[in-house]
1. Any chance you could list P(r) for the range 118-187, counting all Cα-Cα pairs in 10 angstrom bins from zero, rounded to whole %?
2. Sticking with the crude label model, points 7 Å out along Cα→Cβ, report the distance from residue 35 to residue 112 in nm, one decimal please.
3. Given 0.36 nm per residue, what is the gain on full extension from residue 191 to residue 57 after removing their alpha carbon distance, in nm?
4. Run the paramagnetic zone check for residue 148: 7 angstrom along Cα to Cβ, then residues of the range 168-182 with backbone nitrogen under 17 Å.
5. Along each principal axis of its Cα atoms, how long is the range 49-195 end to end? Whole angstroms, biggest number first, please.
6. Averaged over all directions, how much area does the convex hull of the C-alpha atoms of the range 84-123 cover when projected, in nm²?
7. If you average the C-alpha positions of the range 21-99 and of the range 109-160 separately, how far apart do those two centres end up, in angstrom?
8. Compute the whole-percent fraction of alpha carbon pairs in the range 81-154 spaced more than 21 Å apart.
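Each value in this text was obtained by applying a stated rule to the coordinates, not by laboratory testing. The structure presented is a predicted model; accordingly, all values stated were derived computationally and were not measured. Every residue, glycine as well, gets a Cβ built from its backbone with ideal geometry; the counts of neighbours run over all protein chains shown.
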Amino acid sequence: MNRSFILLGLFSVMVVCAAGSLHASDATIVFCSDRDGDNEIYVMDADGSNVVQVTFNDTEEYAAMCSPDGRRVAFTTERDGNQEIYVINVDGTGLQRLTDNPAIDQHPKWSRDGMKIVFVSDRDGDKEIFVMDPDGGGVQQVTFNTAIDNSPNWSPDGSRIACHSNRSGYFDIWAMNADGSAAQNLTNMAALRRT
């Protein structure tokens with residue numbers, strides 16, 4: 001089993017958007033910075049030049065991830081008084097709110113084909129994993145437990161989701177089918193601590 005997708009999602013800090021090309025000159029890096037006094041979304045060329053601020057407001061914006069086509073950025077923002085998920089074009093136009101509820105919605109990750117976004121929400125009272133369409137529709141909860149499920153990411157082929165969860169009593173890496181079925185504890189810290 002290829003497990004490299006797990007580390008990518010859990011430890012990535014910035015995202016490279018390569019719109020139709022793998023050449024460094026065509027890549028855009030999306031990142032969060034507090035250089036204006038609060039966290040905002042920025043883009044820059046792969047060589048660090050042409051830094052452009054994409055979002056502008058007085059609240060925190062973070063957990064940015066570029067869409068696979070390199071055109072849009074999904075991110076978490078507190079501009080509405082709680083954590084919600086928005087998308088914006090990399091040029092700063094086309095701001096669109098995807099989630100709208102009193103719960104925390106955060107950490108969006110695009111599927112490789114750009115057809116789904118996985119995210120975390122506490123709509124049921126604790127952090128669970130949800131999947132939605134890129135326009136905010138079709139929201140489906142894929143984990144159902146009383147534990148904390150966090151930091152989701154897609155497998156390279158989009159068939160599975162990995163997350164960080166304490167459902168075993170310890171924080172472990174879990175992987176499941178994209179619909180939440182066949183959940184599997186990959187790190188099993190409880191068993192390691194018993195040996």
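1. Going from the shortest bin to the longest, the percentages are 22, 58, 18, 1.
2. Taking the two extended label points, one gets 3.3 nm.
3. This chain segment gains 43.6 nm when fully extended.
4. Only 168-174 pass the distance filter.
5. Rounded to whole Å, the extents work out to 53, 33, 32 Å.
6. Reported value for the Cα convex hull: 3.1 nm².
7. One Cα centre to the other: 20 Å.
8. Cα-Cα pairs in the range 81-154 separated by more than 21 Å: 22 percent.
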